[in-house]
Amino acid sequence: MKKQEIKIATVSGKDATLGGDFNAPGSARIDGEVKGNVTVEDTLVLGTTALINGNVSAQTVIVGGEVTGNIEGPVRVELTSTAKVIGDISTQSIMIDEHAIFQGGCNMNQEVPERRMKTQAFRKASRNGKRSAAAAVAAALREVKEEQEEEERLEEARKPEAETPVAE
């Protein structure tokens, strides 16, 4: 993979300690300690000496240091060989070096629950018998539609009924 050049607008040095949230426009690099959440608009690079105790959010997150908290990087999250992450990761693309330490869950299904439902319904329909692919797809789509209709009925049932005035 070709490395792209990142223009970093904000830098926090290795001797810096921030006892609160860190927010930055554009891209940023942190080599020091942050005791709070980190939010960066574009790319966040956490150097090998970085120590983050809080949640991290940026479009792309490259971790070389330690993060104790969740990471949200919708575009990409990369854990280098020196990374240590204790928390969950949410992203579309992840790269974990073989020497990185990662303890937590990884969610790569952002904004695709409908597609996942269709896939599960298709698998179930095709396992239920030896049908043609078209029949299995049709059955899966019917099942998904029925599930959606059931969810809508449940939502309607959960809504509080409008109170009607009682005549005295």
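We did not get these values from a lab; they are worked out from the coordinates using the rules stated. All values reported here derive from a predicted model rather than from experimental measurement. Glycine gets a Cβ as well: all are built from the backbone with ideal geometry, and neighbour counts include every protein chain shown.
Some observations on this one:
- ILE89 fulfils the conditions (1) closer than 19 Å to SER12 by Cα; (2) free of Cβ contacts under 8 Å to residues at least 24 places away in the same chain; (3) of a type outside the set (Gly, Ala, Ser) except for a single criterion, (1).
- Every residue from segment 59-69 that is without any contact (Cβ under 8 Å) to a residue 24 or more places away in the chain and assigned to a loop (DSSP other than H, G, I, E, B): GLN59, GLY64
- Subset of segment 4-55 that is small (Gly, Ala, Ser) and assigned to a strand (DSSP E or B) - its residue that is surrounded by the most Cβ atoms within 10 Å (Cβ to Cβ): ALA28
- Condition check for GLY64: out of contact with any Lys or Arg (no Cβ under 8 Å at 6 or more places or on another chain) and at positive phi: no
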